[in-house]
Amino acid sequence: MSVTVNGLDELKKLAGSDLGTSEWIEVTQERIDTFADATGDHQWIHVDRERAEEGPFGAPIAHGYLTLSLFIPLFTELLDVQGVTTKVNYGLNKVRFPAPVKVGSRIRLAARLASVDEVPGGVQIAVDGTMEIDGGGKPAAVLQSLSRFYA
């Protein structure tokens, strides 16, 4: 379920709010291979199905940074900020990858708007995010993302 706010004042009122969870998305081998091609990271544990099946996880796994890159499309399902001119990623705080995402797994984002702080011309938000694995005991990623919204 998406929360829509209009302008920075409405966004400020959401500080500390739970934003819920996104829909599940499947991490396919095609997505993994496309990411490998885009980044040049063709490590066998990601792209060589036969070898990866004999490896430590029993299947190919997604790149940690692929999992991280899915934060933005999943986050946009949760929060829609309207009435601003510019939205930019500002950075990340602590990021960890507690569990691998095996090919064919489904993941989703659970997010909380940790803070909304004023910056010149706009606000900076910190979002605490957990990338959950369907049926998994540990999350695929735990992070804090920083974004800026300008009026």
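The values are calculated or read from the model by the stated rules, or taken from the named source; none is laboratory data. These numbers were taken from a predicted model, which means no experiment stands behind them. Counting neighbours? That spans all protein chains shown, and the Cβs are built from the backbone with ideal geometry, glycine included. The protein model used for the area step is the full one, side chains on, heavy atoms only, and it has no ligands, DNA or RNA in it. Shrake-Rupley method; radii C 1.70, N 1.55, O 1.52, S 1.80 Å.
Structure notes:
- Spatially near lysine pairs across the chain, Cα under 29 Å, sequence gap of 8 or more or different chains: 7
- Heavy-atom accessible area, probed at 1.4 angstrom with all protein chains present, ranks 12, 94 as 94, 12, highest first.
- Residue-by-residue Karplus 3J(HN,Hα) for the range 13-27, coefficients 6.51, -1.76, 1.60, Hz, glycine and proline x: 5, 8, 3, x, 7, 6, 9, x, 10, 7, 6, 6, 10, 8, 9
- Overall, the chain carries a charge dipole of about 380 debye about its Cα centre when +1 sits on the Cβ of Lys and Arg and -1 on the Cβ of Asp and Glu, all other atoms neutral.
- The calculated Kirkwood hydrodynamic radius for the range 5-151 is 16.3 Å, given to one decimal from all distinct C-alpha pairs.
- 67, 4, 85, reordered so the largest accessible area comes first (probe 1.4 Å): 85, 4, 67
- Compared with the dominant principal axis of the Cα atoms in the chain, helix 29-39 is inclined by about 70°.
- Note on surface exposure: 150, 65, 90 rank 65, 90, 150 by accessible area, highest first, 1.4 Å probe.
- Contact order normalised by residue count of the range 1-67, Cα under 8 Å, 6+ apart, percent: 22
- Portion, in percent, of the accessible area of the range 1-123 that falls on carbon or sulfur, probe 1.4 Å: 48
- Zone of residue 59's modelled label, taken as backbone nitrogen in the range 1-26 under 15 Å from a point 7 Å along Cα→Cβ: 25-26
- Centre separation in Å (Cα based) which lies between the range 72-151 and the range 13-70: 16
- Rel. contact order, % - alpha carbon contacts under 8 angstrom, at least six apart, the range 1-142: 33
- Taking the charge dipole of the chain about its Cα centre, with +1 at Lys and Arg Cβ atoms and -1 at Asp and Glu Cβ atoms, the residue from 45, 91, 140 reaching farthest to the positive side is 91.
- The range 1-87 - accessible surface per residue (Å², probe 1.4 Å): 57
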